[in-house]
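Working notes for the structure below.
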């Protein structure tokens, strides 16, 4: 497998939808995604159910997802309290949102930079002491711009990336939370972060809010990125960043990568079929995607099969 597609729909997608997807439907959806070949799924977030009732069943969802062979189960946590819950639930990976824009950090998790840096260090310390097998990642939100702050200087991104590395984060991802990024910026910033933190440089969480999502994926590939977040049907976006709709559509992302000759390990037909679970459980909810609408080109051959034929 050349590239990892990390599905974030069950977390990032559902948290932005006011209706709650029934727990049993979540189980069926996650199982269908895994059956399609996705090996990494962010299944939910451990947060206050008063704030995001859509995520109230996260521990149960994690428990069921852990029973799927070969699936790496990821959950988002905002602080030490909820990280402890995620660790105890058996999550394979936790990801912590760390906004480069301090105004967004305060709006999103009610912490300034000094507080979130200390929180990440505390989470890593707890992991090291009691849960050594679990990976801790940080996602640098608003790395490419912020609807609250506006321009986010690249020097601030590098400073926060360095702080996360020093705090012990295993991987440091870059997120275009509000869809401001352009390909030149994505290519440049990932290279600069890699120069700053080396192999701790993680994946890309890119949005398609302004139609730049897949172009930014290609730019990130040029910079050496091999893991990309996306959401089935393009659902989701940060509820604490105005206008931040537009996750990359998983189906379109997989087609892009496979058509470029990169092996994702994902069966696109099975992936598209999994949309039916969302459509049935959330009737009337908008689902996006060019590939599901147009279908695969005649004679299209997935990358792995093309490699075997060669």
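Scanning for something at positive phi and over 21 Å from the mean Cα position of the chain (by Cα), does region 138-154 turn up at least one residue? Yes, some residue in region 138-154 is at positive phi and over 21 Å from the mean Cα position of the chain (by Cα). Consider region 34-53 and keep the residues that are touching a strand residue (DSSP E or B) at 6+ places or on another chain (Cβ under 8 Å) and under 15 Å from residue 228 (Cβ atoms). The one that is surrounded by the most Cβ atoms within 10 Å (Cβ to Cβ) is 38.
Restricting attention to region 139-164, the residues that are in contact (Cβ under 8 Å) with a residue 60 or more places away in the chain and closer than 17 Å to residue 106 by Cα add up to 7.
Of the helices (runs of 4 or more DSSP H) lying entirely inside region 249-310, those carrying at least 1 residues that are in contact with a strand residue (DSSP E or B) (Cβ under 8 Å, 6 or more places away or on another chain), within 18 Å of residue 9 (Cα to Cα) and at pLDDT 95 or above are 250-259, 290-294.
How many of the residues making up region 18-27 are assigned to a helix (DSSP H, G or I), touching a residue at least 24 places away in the same chain (Cβ under 8 Å) and surrounded by fewer than 17 Cβ atoms within 10 Å (Cβ to Cβ)? So the answer is 2. As for region 136-147, it holds at least one residue that is out of contact with any strand residue (DSSP E or B) (no Cβ under 9 Å at 6 or more places or on another chain) and either crowded, with 17+ Cβ neighbours inside 10 Å or assigned to a helix (DSSP H, G or I) (or both).
Criterion first (in contact with a helix residue (DSSP H, G or I) (Cβ under 7 Å, 6 or more places away or on another chain), crowded, with 17+ Cβ neighbours inside 10 Å, more than 25 Å from residue 23 (Cβ to Cβ) and without any contact (Cβ under 8 Å) to a residue 24 or more places away in the chain) does residue 123 satisfy it? When the stated conditions are applied, residue 123 does not pass them.
Among the residues of region 149-158, is any outside any strand (DSSP E or B) and at pLDDT below 95? Yes, region 149-158 contains a residue that is outside any strand (DSSP E or B) and at pLDDT below 95.
The values are calculated or read from the model by the stated rules, or taken from the named source; none is laboratory data. Please read all numbers here as calculations on a predicted model, not as lab measurements. Backbone-built Cβ (ideal geometry, glycine too); neighbour counts: all protein chains shown.
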